[in-house]
Amino acid sequence: MNTPMHYDALEARDPALREASLMEALACQVAHAQAHSPAQAKRLAGIDAADVRSRAALARLPVLRKSELLAEQASQRGEGDPFAGYAACGWRGLPYLRSARRVFQSPGPLYEPQGGTGDAWRLGRALFAAGFRAGDLVHNSFSYHLTPAGFMMEEGAFALGCTVFPGGVGNTDLQLAAMADLRPCGYCGTPGFLKTLIETAVGRGAGVSFLERALFSGEAFPPSLRTWMRGHGVEGLQCYATADLGLIAYETPACEGMVLDENVIVEIVRPGTGDPVPEGEVGEVVVTSLDPNYPLIRFGTGDLSAVLPGHCPTGRTNIRIRGWMGRADQTTKVRGMFVTPAQVAQVLQRHPVVGRARLVVEGRIGDERMVLHAEAAAAQDGGNAGATLAESLVASLREVTKLRGEARLVVPGSLPADGKVIEDLRDYS
């Protein structure tokens with residue numbers, strides 16, 4: 001019997017067919033959000049959903065960042081809609097026709113609904129790529145309390161036909177005892193906790209030789225730790241998923257970036273803006289979910305990543321990203337005032353001749369200075385045009401941030417395409 005290489009046929013689709021399908025689904029999702037999500041109806045007022053059938057059209061819609069969603073939920077806490085109108089499912093007394101299956105609380109607090117049954121967060125795809133198959137016993141050490149992480153992995157495992165031990169977090173001794181009794185072949189959780197479990201077991205002369213594979217999320221999984229896991233017989237892969245959006249991207253055995261899930265539309269935008277960056281440039285991950293129960297349109301994750309060229313060697317044809325590369329919110333406090341990437345974007349909007357820019361904060365605390373490094377053709381002519389532009393940038397910087405700064409023109413293409421908009425180089429010693 002042939003062993004399937006992919007979770008389903010969608011993973012090996014012709015990219016053009018996938019894009020056409022996603023754009024068709026996008027228009028339907030925008031219309032659905034306008035009809036069933038009160039906040040999205042307000043946010044997308046005046047938008048003809050039928051026209052949102054391209055990435056260019058999508059890029060014209062506003063980005064909803066998590067900080068905004070948190071603030072809007074907080075404004076209605078205790079007396080209004082806990083989802084601030086962004087869901088499309090809920091319970092009696094809320095303005096939704098569909099019933100939510102569960103509601104979760106993430107740190108903030110931020111409330112998220114689960115509306116669908118089965119593998120609502122689509123983690124089955126990531127688990128399959130990590131080698132999990134029907135009949136496997138999976139030790140799940142993600143939390144089942146308040147947040148959805150435990151259920152996310154569990155329902156993905158159920159979709160594959162796996163059996164799950166709901167270990168949850170903590171209780172190292174109890175979890176090791178259960179592992180010794182049940183001998184699971186798979187693990188879901190953070191890599192750090194599995195490392196603790198293995199080290200404790202080895203220290204007691206037991207080990208976990210029965211454990212073969214793992215799917216990690218929730219924290220970094222560097223190459224050194226991957227090698228360490230392999231040295232203990234565990235082949236671990238990682239996935240990128242959030243409580244709001246479900247699966248965004250996942251590793252495959254090729255370990256060459258992360259392949260996007262089939263049910264999301266991902267953009268990489270310049271931090272502080274909604275403007276897509278060129279392929280390969282680092283920017284903020286912005287996701288449009290096709291989940292009808294929680295229709296998040298252009299949701300800014302606050303995470304940095306970049307698109308990788310080409311396709312995965314495993315035959316999966318979807319776009320790949322480099323994985324988590326840091327946080328897009330580079331807000332920095334200067335002389336008692338917060339300076340944000342959005343403010344840098346405001347400065348650049350006033351000066352369209354400038355390409356990329358980076359605000360560098362340097363010097364010692366209490367005697368720091370801000371220098372806006374801006375790419376512009378005027379940097380090459382050495383004449384009055386450059387000096388005039390630099391003076392205008394200084395004025396705009398002060399008007400927007402309420403702080404004095406300098407401007408330094410640099411030749412186009414000289415700033416690193418690493419997603420940094422604000423760089424803190426101050427001496428904290």
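Quick note: the coordinates plus some simple rules give every number you see, no bench work behind them. Since the model is a prediction, treat every value here as computed from it, not as a measurement. Because the Cβ atoms are built from the backbone with ideal geometry, glycine has one as well, and the counts that use them run over all protein chains shown.
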Using alpha-carbon positions, what is the distance between the centroids of region 245-259 and region 378-429, in Å? 36 Å
To the nearest 0.05, the calculated FRET efficiency linking Thr117 and Ala50 through their beta-carbon distance, R0 being 35 Å, is 0.70
Can you give the % of DSSP beta bridges in region 332-427 that are antiparallel, to the nearest 5? 50 percent
Listed residues Ala31, Ala149, Ala249; largest mean-square fluctuation, Gaussian network over the chain with Cα springs below 10 Å, found at Ala31
Counting only DSSP beta bridges with both partners in the chain, the antiparallel fraction in percent, to the nearest 5, comes to 55 percent
Suppose we keep just the DSSP beta bridges with both residues in region 98-218; what percent of those would be antiparallel, to 5? 30 percent
Helix 191-203 against the longest principal axis of the chain: what's the angle in degrees, Cα atoms only, rounded to the nearest 10? 40 degrees
Residue-by-residue Karplus 3J(HN,Hα) for region 75-84, coefficients 6.51, -1.76, 1.60, Hz, glycine and proline x: 5, 10, 5, x, 9, x, 8, x, 8, 6
How far is it, in nm, from the label point at His145 to the one at Arg133 when both lie 7 Å from their Cα along the line to the Cβ? 3.7 nm
Tell me the angle of helix 172-182 to the major Cα principal axis of the chain, expressed in degrees between 0 and 90 and rounded to the nearest ten. 50 degrees
What FRET efficiency would be calculated for the residue pair Lys333, Gln105, taking the C-beta separation as r and a Förster radius of 25 Å, to the nearest 0.05? 0.30
Just want the ordering: Arg320, Arg408, Arg92, from fewest to most Cβ atoms lying within 10 Å of their own Cβ. Arg92, Arg408, Arg320
What's the extension gain from Glu235 to Ser67 if we count 0.36 nm per residue and subtract their Cα-Cα distance? 56.9 nm
Quick one: what do you get for region 332-427 if you divide its Cα Rg by 2.2 N^0.38 Å? 1.02
Between 0 and 90°, nearest 10: helix 384-401 axis offset from the chain longest Cα axis: 60 degrees
Please order Cys89, Cys185, Cys255 by the number of other Cβ within 10 Å, starting at the fewest. Cys255, Cys185, Cys89
Taking H placed 1.01 Å from N in the peptide plane, check which residues at least 5 places from Phe165 or on another chain put their amide H under 5 Å from its amide H. Val138, His139, Asn140
Do the alpha carbons of any pairs in Lys42/Lys420; Lys333/Lys420; Lys195/Lys420; Lys333/Lys402 sit beyond 23 Å of each other, and which pairs? Lys42/Lys420; Lys195/Lys420
Cα gyration tensor shape for region 33-97, rounded if a/c is under 1.5, else prolate or oblate: oblate
If each residue's Cβ is checked for other Cβ atoms within 10 Å, how do Met152, Met179 rank with the fewest at the top? Met179, Met152
If you take the alpha carbon radius of gyration of region 170-248 and divide it by 2.2 N^0.38 Å, what ratio comes out, to two decimals? 1.10
Is the shape of region 1-152 rounded, prolate or oblate, going by the alpha carbon gyration tensor and its root eigenvalues a ≥ b ≥ c, with a/c under 1.5 for rounded and a/b larger than b/c for prolate? oblate
Just want the answer: with Cβ charges of +1 for Lys and Arg and -1 for Asp and Glu, which residue in Thr288, Gly246, Gly207 is farthest toward the dipole's positive end in region 198-295? Gly207
